[in-house]
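Visitor: Please read through the structure below; I'll follow up with questions.
The values are calculated or read from the model by the stated rules, or taken from the named source; none is laboratory data. The model shown is predicted, which means the values in this text are computed figures rather than measured ones. With ideal geometry, Cβ positions are generated from the backbone for all residues, glycine too; neighbour counts draw on all protein chains shown.
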Amino acid sequence: MDCYVARPADSSAHPGIMVFQEAFGVNSHIRNVAERFAAEGYVAIAPELFHRTAPGFEGDYKDFTSVMPHMRAMTNEGAEADVRAAYEWLQAQKSVEQDRICSTGYCMGGRMSYLANSILPLHAAASFYGGGISGMLDRAARLHAPMLFFWGGLDKHIPPEQRNAVVQAVAAAGKTYVNVEFSDADHGFNCDERASYQPRAARQSWALLLEFLRS
């Protein structure tokens, strides 16, 4: 499994973070997110989650049908193996503080970040408009670290009933979480390469994400 890695400029120990891709691959947007984390003092790794069916895949945001075969080919077993591999790589780095490994993800990757938190002793985890989490509510009781959710209020891909079901499951499990909805933002609001990019929501969610991961 190939991964994109971004590191801070100095050689001291830093927190680690797994950056999970959208359905469109480890593209320029995801690479840019990893570099932004490196600039903030994180060792960031973005694994290629479609490595079994399309190594190096980068999809077109205007052609969602092209990503569907690769999404359908994914399994929970394969996803867990990929998540563990990325986590173990971070743990093996002398430049990473082993007790401060986090995760974040976008769209499909938002679900992956939630999954990662259910199987690994993370420091913190975040999910941006994570589709499909409502089908994994049984994992809420297994979350290890505080969870931060970002949603777009205009997102028709993840309707209110699904968003509410996720939050209610995490609350019922007694887990620590933060739930944020930008009422005037749509799915993909954080990505400046998508038509749905919402600069204010992207800026505010980034600031909150950094504070959440630090604390």
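Visitor: Select from region 78-107 the residues that are more than 18 Å from ASP2 (Cα to Cα) and of a type outside the set (Val, Ile, Thr) and list them in ascending order.
Guide: Answer for region 78-107, where residues must be more than 18 Å from ASP2 (Cα to Cα) and of a type outside the set (Val, Ile, Thr): LYS94, SER95, GLU97, GLN98, ASP99, ARG100, CYS102, TYR106, CYS107.
Visitor: In addition: Out of ALA140, ALA171, ALA145, which single residue is part of a helix (DSSP H, G or I) and surrounded by 14 or more Cβ atoms within 10 Å (Cβ to Cβ)? Give the derivation first.
Guide: Numbers: ALA171 fails: surrounded by 14 or more Cβ atoms within 10 Å (Cβ to Cβ); ALA145 fails: part of a helix (DSSP H, G or I).
Just one listed residue meets the conditions, ALA140.
Visitor: Same structure, new question: Give me the pairs, please: first residue somewhere in region 161-190 and closer than 15 Å to TYR129 by Cβ, second residue anywhere and among the basic types (Lys, Arg), beta-carbon distance under 6 Å, and either six or more positions apart or on two chains.
Guide: Listed by first residue and then by second, the contacts come to GLY188/ARG194.
Visitor: May I pose another question? Here are some conditions: (1) closer than 24 Å to PHE50 by Cα; (2) at pLDDT 95 or above; (3) out of contact with any Asp or Glu (no Cβ under 7 Å at 6 or more places or on another chain). TYR129 meets all but one. Which one does it not meet?
Guide: Result: TYR129 passes all but (3).
Visitor: Of all residues in region 1-44, count the ones that are closer than 22 Å to MET108 by Cα and acidic (Asp, Glu).
Guide: Selection size over region 1-44: 3.
Visitor: Take the residues of region 176-215 that are of a type in the set (A, V, I, L, M) and in a loop (DSSP other than H, G, I, E, B): which is surrounded by the fewest Cβ atoms within 10 Å (Cβ to Cβ)? Before you say what the answer is, go through the steps one by one.
Guide: From region 176-215, those of a type in the set (A, V, I, L, M) are 178, 180, 185, 195, 201-202, 207-210, 213; that's our starting set.
Subsequent filtering for residues that are in a loop (DSSP other than H, G, I, E, B) retains 185, 195.
Numbers: ALA185: 24, ALA195: 9.
Applying the filter and picking the extreme gives ALA195.
Visitor: Now for a different question. Would a scan of region 188-204 turn up a residue that is modelled with pLDDT of 95 or more and in contact with a Leu (Cβ under 7 Å, 6 or more places away or on another chain)?
Guide: no
Visitor: Looking for whichever is surrounded by fewer than 23 Cβ atoms within 10 Å (Cβ to Cβ), assigned to a strand (DSSP E or B) and at pLDDT 95 or above here; the options are GLU88, GLU161, GLU97, GLU80. Which one fits?
Guide: GLU97
Visitor: Would you tally the residues in region 8-24 being buried (at least 20 other Cβ atoms within 10 Å of the Cβ) and either in a strand (DSSP E or B) or in contact with a helix residue (DSSP H, G or I) (Cβ under 8 Å, 6 or more places away or on another chain) (or both)?
Guide: Selection size over region 8-24: 10.
Visitor: Next up: Does GLY130 meet the test of being assigned to a loop (DSSP other than H, G, I, E, B) and surrounded by 24 or more Cβ atoms within 10 Å (Cβ to Cβ)?
Guide: Judged against the criteria, GLY130 is a match.
Visitor: A follow-up question, please. Within region 170-203, can you find the residues that are over 23 Å from ILE30 (Cα atoms) and of a type in the set (S, T, N, Q)?
Guide: THR176, SER183, listed by residue number.
Visitor: Restricting to region 65-90, and then to whatever is of a type outside the set (Ser, Thr, Tyr) and without any contact (Cβ under 8 Å) to a residue 24 or more places away in the chain, can you tell me which residue is farthest from GLY130 (Cα to Cα)?
Guide: GLU88
Visitor: Turning to a different aspect of this structure: Pairs needed: first member in region 15-44, under 20 Å from PHE212 (Cβ atoms); second member anywhere, basic (Lys, Arg); C-beta distance under 6 Å; at least 6 residues apart or different chains.
Guide: These pairs meet every condition: PRO15/ARG100; ALA38/ARG7; VAL43/ARG7.
Visitor: Okay, next question. For region 35-77: of the residues being β-branched (Val, Ile, Thr) and not in a helix (DSSP H, G or I), which is farthest from the chain's Cα centre (by Cα)?
Guide: Out of the qualifying residues, it is THR53.
Visitor: Could you grab me the full set of residues in region 119-139 that are without any contact (Cβ under 8 Å) to a residue 60 or more places away in the chain and touching a strand residue (DSSP E or B) at 6+ places or on another chain (Cβ under 9 Å)?
Guide: Across region 119-139, the qualifying residues are LEU120, PRO121, LEU122, ALA125, SER127, GLY130, ILE133.
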